[in-house]
Structures are given as structure tokens and as C-alpha cells.
Amino acid sequence: QVSAALKEGRVAPTELCQRCLSLIKSTKFLNAYITVAEETALKQAEESEKRYRRGQPLGVLDGIPIAVKDNFNTAGIETTCASNMLKGYISPYNATVVQKLLDQGAVLLGKTNLDEFAMGSGSTDGVFGPVRNPWSYSRQYKEKYVPKSHSEDKDSNWVITGGSSGGSAAAVSSFTCFAALGSDTGGSTRNPAAHCGVVGLKPTYGLISRHGLIPLVNSMDVPGILTRCVDDAAIVLGLLAGHDPKDSTTIQDNFKPFELSNLTDVSKLSIGIPKEYHAPGLSSEILALWSKAADLFKNAGAKVIEVSLPHTRYSIVCYHVLCTAEVASNMARFDGLEYGHRSDMNKSTESMYAATRREGFNDVVRGRILSGNYFMLNQNYENYFIKAQKVRRLIANDFVKVFGSGVDILLTPTTLSDAVPYAEFIKEDNRTRSAQDDILTQAANMAGLPAINVPTALSERGLPVGLQFIGRSFQEKQLLTVAKWFEKQVKFPTIQLEEVKRHDHGVFQHQKSASF
């Protein structure tokens, strides 16, 4: 819609950029952005305006404001990974995905907040502080919220965004940008998308280049896409997908961008409901919503069958071993010599290394490095790392068998419950929380499959709840077509941001116009 408005001259790229920057300022309390590149964004918007005047826009994204998670390298803009280790680090090059967006004329507003080095499921553990879920300030939540006590501070009831791409999800959800990049290693795009009521797409491993994404787990990391509707996710995917000579894990074939058709007949579809996803801790509300969604497909004529992915119950333990092992390897590059933080300790090289890493990394990162190195010790390697790799193969084979039996798409919950209040979330440590929150999402990363969160309904507390669709490898078109059909049926409500209206009524009243 906004692309059409730009083409027709109903709104100018600079006006659109200024409105978004103004909204970023008025939603600063959300802490969604680490760096706002105001000058750069306005320059890019001006260039875009010149192209529109000449009648030569670069494409559908020309002039569209976007945001990027702060673990993608951006030339000339600080890349911190929300860590003291990289504070002040400015990359000499753009990540491939960032470059592709800029080549299409997209306007980069800034870098979004995350858990330190993307390790977490709440966007609460970064050095710049936690991200607040925009729905905490929505009319829908405020109308349903009941304080636990009279003395409860009104500001203490805000809920988390999920993570680790919470900043990107909050940025899209609060209308400060039209699309954002996240990363997804075990659910880090889909989890915050579910909690913030937006679409979160994790493409097939190898479909989008990882070059310039600061690695967490090389064998599972995928750049994720966050948008407000499925069509937008398909557009961004079409521009980002394809081979990259700088990333040997990308597909060799050319990728043809596709337009999503409106699915009218679902009778040829076979939807699988994995029984193992009825996991311990799954709220009765989400369970009911999941059943309702399955009935929706059934009543529309689709074949809905219960399927089994028997090794799912081992996946979170397996994921923990593989994840920490790769983290330990990847974090070795931060030694204080080439780039990033360097300690003043100068007794010896070893003491400088140790002090740099102690000062630069938080407890969560150091904990994962220690675990990973333990699993990789000579005496433990066979028992932990090799065994986990074998279990990973079994998990991937479970999916192959199910899809081989004629199932087209799997339908599962994305999260165990709606977003929890921050005060409650931090009662448990990061590792416990991540193990709980990744349980429904990380198997898709282990198998390298495409998956998408579609916002489905509001919970009894007035907070978003999403459901996840998992597709066959490289069958994004089918996955997104089904997700679009489902999105149309459920008609998820628009967030009504009370707080922003109070902060800046003039900016927010444009929400329903062509540009918002």
C-alpha cells in the first residue's frame, strides 16, 4: 500500500522517513532501537525522492523505511550485538542482506535491540537494557489488565517482546518501520513475532546469505524477516533470496521472486498436527486456539491429520549441546586484538585476553562459552557433540518422513503462552528461559526448514498469540500462500497504541492513512 502511495505521489519518501523518525522518538520508551541513523536515513530518502521524480524507482522497496537487528554488519553505522565487546565497532562493509535492501532503495532507519550476541529469548539481556513490548501500552491490554495489588506501580506491568530479535519485532509492531531484519537460530524471529503480533519468517537454511550476520551457530543461523503481513514478507524474501558467492552455504540455483496468489481452494492441502508439540507448559488458551485453527482448515475442506515427530522431545537438549559448542568456537574471535573491546590489563597476552573477555561478555555469553568448551573437550566430544549431531539427523529425518507421507504443511503453536511481564520473566535465568521458549521453534532450525509465525488472536489478557506453519525445504511459496490464506481468515486486530497517542498525537493519527 505504501509503495503504491509513493508511486502515485500521495506521500514523499522524505515525509515518510520523517514520520517514522518522529515515531521512533515518541516510542523511545520501548527501547527498540540501539542506533537511529537519522542523517543517513534522510539522505537515502532524498535520493529515493529524486528517483521517484524522474519516474525511475529502483523497485517496490524504494523509499520504504526499514530497520535491521544490531548483529548485521552495516558500513558506517555502529554494530554492537548489544555487547560491551563491540561497543563503538563500525564495520567496513554491509551484510549481503543489508546491501540487497539498500540496492532496492530501502531507507535504513537504524539498528534494533537484542539479547547480547542474540543469546536469549526475551530481548532482556543486552547491555542497552530490555525491549518493551508495544502491546504493553495498547488499549487492548490496558482494558484487560487487572493490577495484582493496589501498590503495584502502573509502569511495572509491561511485558517482554520475546527474543532475541525483540527490537525488530517491536519496531515493526509500533509502526516505526515497515519491515525489519532479525536473525533466527532457534526461534529468535518467530518468538518475538508471536509476542508482538507481527509476521515472522524463518526461511530455509541456505536460501538467504548469512554473510555479514555476526554468527551465533553457523549451522542453524538464518536471517529472519519481520513484517505486518504475509504479502510483505514474501516481497522482502523475493529481494533477499538467492546465491551469494560470499556465503558457500547458499543455494547455487537462481531464485525467482514470486507473487502470492489468493488461495481459494484448500481441499488439496494436507495439514499435519504434530502430537509432540502438545508440550509441557503449553497454556490451555494456546491449545484451544491451535485446535480452532485446525478446525478452520478442516471446515474449509483441507485434510487435517495428526502426525508424529518422535525425536522432538530430545531436540532441546540436542540444541543446547550443538548451540554452545558452536558459540564457543565463534566467540574465540573476540580476543581484544583485531577489533572490539580491549582491556588495559597488560601483564601478559593471556591476562589481556582473559580480562578483555571478562569485561566484554556478560554472564550468559560466558556461560555458553564454558558449556561449549566442556562439550568439545577430548574426553567429552564423542559423548556429547557427536551424539547430538546424530540426534539432529534423527530429528531432521522425522520431518522428511512426515513430509514424505503426503503432508504439505505442519501447524503448531509458536510459543507456550502469551508474553509474560518483565518482572516475572527475569525470575528465571536465561538458560532456563531459552530452553522453555525455544521448545516449539528450534526443531525447524535443526532440520533447516522454512517456518513462519502468523498472528492469530488476542489472549484473555489482550496480548497477541501466534501460530507457526512449518513447510518443506525450499517450498516458501507454498508455505507463504497457506499462511496468507490463514491470515485472511483470522483477521488479527490492529494494535491501538494509547501511549504513543499521548506522546505524539500528530504523528500517530496517520496510522490509517496510506503511509501507516
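Check 156, 138 and return the single one that is open to solvent by 10 Å² or more (accessible area, probe 1.4 Å) and either modelled with pLDDT under 95 or in contact with a helix residue (DSSP H, G or I) (Cβ under 7 Å, 6 or more places away or on another chain) (or both).
Unique residue meeting the criteria: 156.
Scan the range 389-417 for residues that are open to solvent by less than 70 Å² (accessible area, probe 1.4 Å) and of a type in the set (Lys, Arg) and report the count.
Residues meeting the conditions: 1.
Yes/no matrix, rows are residues, columns are (1) touching a Lys or Arg at 6+ places or on another chain (Cβ under 8 Å); (2) of a type outside the set (Asp, Glu); (3) over 30 Å from residue 124 (Cα atoms):
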{"position": "2", "(1), (2), (3)": "no, yes, yes"}
{"position": "13", "(1), (2), (3)": "no, yes, yes"}
{"position": "23", "(1), (2), (3)": "no, yes, no"}
{"position": "26", "(1), (2), (3)": "no, yes, no"}
{"position": "34", "(1), (2), (3)": "yes, yes, no"}
{"position": "38", "(1), (2), (3)": "no, no, no"}
{"position": "50", "(1), (2), (3)": "no, yes, yes"}
{"position": "67", "(1), (2), (3)": "yes, yes, no"}
{"position": "71", "(1), (2), (3)": "no, yes, no"}
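In the range 9-60, which residues are of a type in the set (A, V, I, L, M, F, W, C), touching a strand residue (DSSP E or B) at 6+ places or on another chain (Cβ under 9 Å), in a helix (DSSP H, G or I) and touching a residue at least 40 places away in the same chain (Cβ under 8 Å)?
16, 17, 20, 21, 24, 29, 30, 41, 45
More than 30 Å from residue 303 (Cα to Cα), in contact with a helix residue (DSSP H, G or I) (Cβ under 9 Å, 6 or more places away or on another chain), open to solvent by 10 Å² or more (accessible area, probe 1.4 Å) and not in a loop (DSSP other than H, G, I, E, B): is that true of residue 181 in this structure?
no
Residue-wise test of (1) modelled with pLDDT under 95; (2) under 21 Å from the mean Cα position of the chain (by Cα).
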site: 327; (1), (2): no, yes
site: 347; (1), (2): yes, no
site: 360; (1), (2): no, no
site: 365; (1), (2): no, yes
site: 377; (1), (2): no, no
site: 380; (1), (2): no, no
site: 417; (1), (2): no, yes
site: 439; (1), (2): yes, yes
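Residue pairs, Cβ under 7 Å, 6 or more apart or interchain, first in the range 202-216 and farther than 19 Å from residue 192 by Cβ, second at pLDDT below 95 and not in a loop (DSSP other than H, G, I, E, B). List them.
none
Give me the pairs, please: first residue somewhere in the range 422-435 and hydrophobic (A, V, I, L, M, F, W, C), second residue anywhere and surrounded by 14 or more Cβ atoms within 10 Å (Cβ to Cβ), beta-carbon distance under 6 Å, and either six or more positions apart or on two chains.
From residues that are hydrophobic (A, V, I, L, M, F, W, C), the pairs are 425/122; 425/160; 435/316.
Out of everything in the range 418-473 that is out of contact with any Leu (no Cβ under 8 Å at 6 or more places or on another chain) and polar (S, T, N, Q), what residue ends up being surrounded by the fewest Cβ atoms within 10 Å (Cβ to Cβ)?
Looking at the filtered set, the residue picked out is 432.
Filter the range 242-289 for residues that are polar (S, T, N, Q), farther than 25 Å from residue 205 by Cα and modelled with pLDDT under 95 and give the result.
If the condition is that a residue be polar (S, T, N, Q), farther than 25 Å from residue 205 by Cα and modelled with pLDDT under 95, then 262, 264 are the ones that fit.
Could you tell me whether residue 136 is part of a loop (DSSP other than H, G, I, E, B) and among the hydroxyl-bearing types (Ser, Thr, Tyr)?
It is false that residue 136 is part of a loop (DSSP other than H, G, I, E, B) and among the hydroxyl-bearing types (Ser, Thr, Tyr).
Quick check on this structure: which one of 198, 172 is in contact with a Cys (Cβ under 8 Å, 6 or more places away or on another chain) and of a type outside the set (S, T, N, Q)?
After ruling out the rest, the residue left standing is 172.
Just the residues that are assigned to a helix (DSSP H, G or I) and touching a helix residue (DSSP H, G or I) at 6+ places or on another chain (Cβ under 6 Å), please, taken from the range 196-236.
Within the range 196-236, 196, 230, 234 meet the criteria.
Looking at residue 211, is it touching a strand residue (DSSP E or B) at 6+ places or on another chain (Cβ under 8 Å), open to solvent by 10 Å² or more (accessible area, probe 1.4 Å) and more than 24 Å from residue 104 (Cβ to Cβ)?
Considered against the rule, which asks whether it is touching a strand residue (DSSP E or B) at 6+ places or on another chain (Cβ under 8 Å), open to solvent by 10 Å² or more (accessible area, probe 1.4 Å) and more than 24 Å from residue 104 (Cβ to Cβ), residue 211 comes out as no.
Pick from 391, 364: which is closer than 24 Å to residue 116 by Cα and part of a helix (DSSP H, G or I)?
Criteria check complete, one pass: 364.
Take the residues in the range 268-279 that are open to solvent by 60 Å² or more (accessible area, probe 1.4 Å) and assigned to a loop (DSSP other than H, G, I, E, B), then tell me which one is nearest to residue 488 (Cα to Cα).
Restricting to residues being open to solvent by 60 Å² or more (accessible area, probe 1.4 Å) and assigned to a loop (DSSP other than H, G, I, E, B), the top hit is 268.
Given the structure, is residue 423 under 20 Å from residue 158 (Cβ atoms) and either in a loop (DSSP other than H, G, I, E, B) or among the charged types (D, E, K, R) (or both)?
When the stated conditions are applied, residue 423 does not pass them.
Show the residue pairs that are 6+ apart or on different chains and have beta-carbon atoms under 8 Å apart, the first residue being within the range 77-96 and under 14 Å from residue 127 (Cα atoms) and of a type in the set (S, T, N, Q), the second being open to solvent by 10 Å² or more (accessible area, probe 1.4 Å) and in a strand (DSSP E or B).
Between residues of the range 77-96 that are under 14 Å from residue 127 (Cα atoms) and of a type in the set (S, T, N, Q) and residues that are open to solvent by 10 Å² or more (accessible area, probe 1.4 Å) and in a strand (DSSP E or B), the close pairs are 79/90; 80/34; 80/35.
What pairs can you find where one residue is in the range 259-283 and within 13 Å of residue 481 (Cβ to Cβ), the other is open to solvent by 50 Å² or more (accessible area, probe 1.4 Å) and assigned to a helix (DSSP H, G or I), and their Cβ atoms are less than 8 Å apart, with a gap of 6+ or different chains?
From residues that are within 13 Å of residue 481 (Cβ to Cβ), the pairs are 260/231; 260/477; 262/488.
Give the range 280-309 a look and list any residue that's within 18 Å of residue 438 (Cα to Cα), open to solvent by less than 60 Å² (accessible area, probe 1.4 Å) and not in a helix (DSSP H, G or I), or say none.
Correct list: 282, 283, 309.
Considering only residues that are of a type outside the set (A, V, I, L, M), within 29 Å of residue 301 (Cβ to Cβ) and surrounded by 10 or more Cβ atoms within 10 Å (Cβ to Cβ), which ones fall in the range 239-267?
Within the range 239-267, 258, 261, 265 meet the criteria.
What is the number of the single condition among (1) assigned to a loop (DSSP other than H, G, I, E, B); (2) of a type in the set (A, V, I, L, M); (3) out of contact with any strand residue (DSSP E or B) (no Cβ under 6 Å at 6 or more places or on another chain); (4) within 13 Å of residue 184 (Cα to Cα) that residue 446 does not meet?
In the conditions (1) assigned to a loop (DSSP other than H, G, I, E, B); (2) of a type in the set (A, V, I, L, M); (3) out of contact with any strand residue (DSSP E or B) (no Cβ under 6 Å at 6 or more places or on another chain); (4) within 13 Å of residue 184 (Cα to Cα), residue 446 misses (1) alone.
The values are calculated or read from the model by the stated rules, or taken from the named source; none is laboratory data. Worth saying up front: this structure is predicted, and the values here are computed from it rather than measured. Reconstructed Cβ throughout: ideal geometry from the backbone, glycine too, with neighbour counts over all protein chains shown. The accessibility values were calculated without ligands, DNA or RNA, using every heavy atom of the protein model including side chains. Shrake-Rupley method; radii C 1.70, N 1.55, O 1.52, S 1.80 Å.
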